[in-house]
1. Report every pair of residues separated by at least 6 positions or lying on different chains whose Cβ atoms are under 8 Å apart, first residue within segment 54-78 and surrounded by 23 or more Cβ atoms within 10 Å (Cβ to Cβ), second basic (K, R) and part of a loop (DSSP other than H, G, I, E, B).
2. Among the residues of segment 15-50 satisfying the criterion of being within 15 Å of L65 (Cα to Cα) and part of a helix (DSSP H, G or I), which is most open to solvent (accessible area, probe 1.4 Å)?
3. Among the residues of segment 154-167, count how many are assigned to a strand (DSSP E or B), among the polar types (S, T, N, Q) and either under 20 Å from D87 (Cβ atoms) or open to solvent by less than 10 Å² (accessible area, probe 1.4 Å) (or both).
4. Hand me the list of helices (runs of 4 or more DSSP H) wholly inside segment 168-278 holding 3 or more residues that are basic (K, R).
5. Show the residue pairs that are 6+ apart or on different chains and have beta-carbon atoms under 6 Å apart, the first residue being within segment 128-145 and farther than 14 Å from A50 by Cα, the second being among the hydroxyl-bearing types (S, T, Y) and surrounded by 11 or more Cβ atoms within 10 Å (Cβ to Cβ).
6. So if I check each of L268, L231, L173, L273, which one is open to solvent by 20 Å² or more (accessible area, probe 1.4 Å), touching a residue at least 60 places away in the same chain (Cβ under 8 Å), in contact with a helix residue (DSSP H, G or I) (Cβ under 9 Å, 6 or more places away or on another chain) and under 25 Å from V21 (Cα atoms)?
7. Using the structure shown, decide if K81 is charged (D, E, K, R), touching a helix residue (DSSP H, G or I) at 6+ places or on another chain (Cβ under 8 Å) and within 27 Å of F211 (Cβ to Cβ).
8. Being touching a helix residue (DSSP H, G or I) at 6+ places or on another chain (Cβ under 8 Å) and within 24 Å of E168 (Cβ to Cβ) is true for just one of N67, N58. Which residue is that?
Amino acid sequence: MSEILYISDLDGTLLDTNAEVMPETVRLINEAAAGGAKFSFATARTAVTAVPITSGLNISVPVVLMNGVCVYDIRKKEYVKIESIPDEAFAEMTGVLRNFHLSGFLFSITDGELETCYENTDSENARRFYQERTERYGKLFIKINDFSERAGKNNVYFSVTDTREKLEPVYELLKKINGLHINFYCDVYNKKFWYMEVSSAKASKYNAVMFLRRKYGFDKVVGFGDNLNDLPLFRACDETYAVENARDEVKSAATGIIPSNTENGVALKIIDLVKRPH
């Protein structure tokens with residue numbers, strides 16, 4: 001029998017509108033895992049928030065974090081794979097951000113520990129991000145004067161959320177910098193805003209899932225998603241499913257459409273696929 005990996009995006013796909021895993025989804029996925037199914041997830045989140053949110057799930061395969069920047073073993077609490085932003089590309093990126101007076105959150109990994117830095121929380125979105133992660137998850141942040149201070153560190157990820165109009169010209173410049181990969185997509189919780197996330201050109205959900213496939217010997221990968229940053233995930237999979245609430249572009253790229261993220265769509269489909277004769 002072939003070894004199959006079932007891997008899902010979190011926000012907008014596996015999680016409900018409260019950014020939680022519904023009890024029925026937990027029950028169904030754990031039922032499939034008890035029968036031998038291998039489940040993982042690929043998210044833009046870091047371990048600080050993704051691990052507590054999914055703590056009720058039986059996850060036996062390392063997970064993909066920060067849109068493919070890291071592969072993380074939840075059970076061992078260690079990073080299996082990390083892609084860092086090249087120093088030259090980082091310098092160019094911080095120059096562009098400074099020219100546009102744009103701030104956000106910068107992530108780096110030092111001795112296996114994730115550090116999150118910020119210059120300010122002047123924008124509404126930055127304050128919301130900061131408050132939710134400190135109050136709900138106890139996340140620690142480091143205040144700095146300028147991102148350029150982090151030059152030479154193991155910088156892996158930069159994230160900012162704002163209106164599409166404000167971020168798009170920055171996105172157009174950043175995507176021209178050699179060594180960078182940019183994800184630019186709508187916030188699933190607030191459609192007025194978009195996320196722009198910057199990482200190494202080697203970091204993507206595609207590369208991370210292909211790494212999992214090779215390292216752990218999966219013959220087949222089945223993926224689930226809803227947003228534009230899930231298209232690279234889909235390209236690494238043999239079979240893909242978009243939840244009903246997904247963007248049209250994601251639905252068009254999928255093998256099929258399943259019930260929404262508030263209707264246990266991913267879990268129900270996994271149960272269906274596990275029971276299907278191979």
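The values are calculated or read from the model by the stated rules, or taken from the named source; none is laboratory data. It should be emphasised that the depicted structure is a prediction, and the values quoted were computed from it without experimental measurement. Neighbour counts run over all protein chains shown; Cβ positions are idealised from the backbone, glycine included. Accessible surface areas use protein heavy atoms only, side chains included; no ligands, DNA or RNA. Shrake-Rupley method; radii C 1.70, N 1.55, O 1.52, S 1.80 Å.
1. Sorted first by the residue in segment 54-78, then by its partner, the pairs are L65/R45; M66/R45.
2. Of all residues in segment 15-50, those within 15 Å of L65 (Cα to Cα) come to 39-50.
Narrowing the set further to residues that are part of a helix (DSSP H, G or I) leaves 47-50.
Working: A47: 16, V48: 52, T49: 2, A50: 0 Å².
It comes out as V48.
3. At the first step, the residues of segment 154-167 found to be assigned to a strand (DSSP E or B) are 155-162.
Then keep just the ones that are among the polar types (S, T, N, Q); that gives 155, 159, 161.
Still in the list and also either under 20 Å from D87 (Cβ atoms) or open to solvent by less than 10 Å² (accessible area, probe 1.4 Å) (or both): 155, 159.
Residues flagged as assigned to a strand (DSSP E or B), among the polar types (S, T, N, Q) and either under 20 Å from D87 (Cβ atoms) or open to solvent by less than 10 Å² (accessible area, probe 1.4 Å) (or both) within segment 154-167 amount to 2.
4. 205-216
5. The qualifying pairs are Y130/T121; F141/T116; F141/Y118.
6. Numbers: L231 fails: touching a residue at least 60 places away in the same chain (Cβ under 8 Å); L173 fails: under 25 Å from V21 (Cα atoms); L273 fails: open to solvent by 20 Å² or more (accessible area, probe 1.4 Å).
Of the residues listed, the single one that is open to solvent by 20 Å² or more (accessible area, probe 1.4 Å), touching a residue at least 60 places away in the same chain (Cβ under 8 Å), in contact with a helix residue (DSSP H, G or I) (Cβ under 9 Å, 6 or more places away or on another chain) and under 25 Å from V21 (Cα atoms) is L268.
7. Values: charged (D, E, K, R): yes; touching a helix residue (DSSP H, G or I) at 6+ places or on another chain (Cβ under 8 Å): yes; within 27 Å of F211 (Cβ to Cβ): yes.
Yes: the conditions hold for K81.
8. Step by step, each of N67, N58 is checked, and only N67 is touching a helix residue (DSSP H, G or I) at 6+ places or on another chain (Cβ under 8 Å) and within 24 Å of E168 (Cβ to Cβ).
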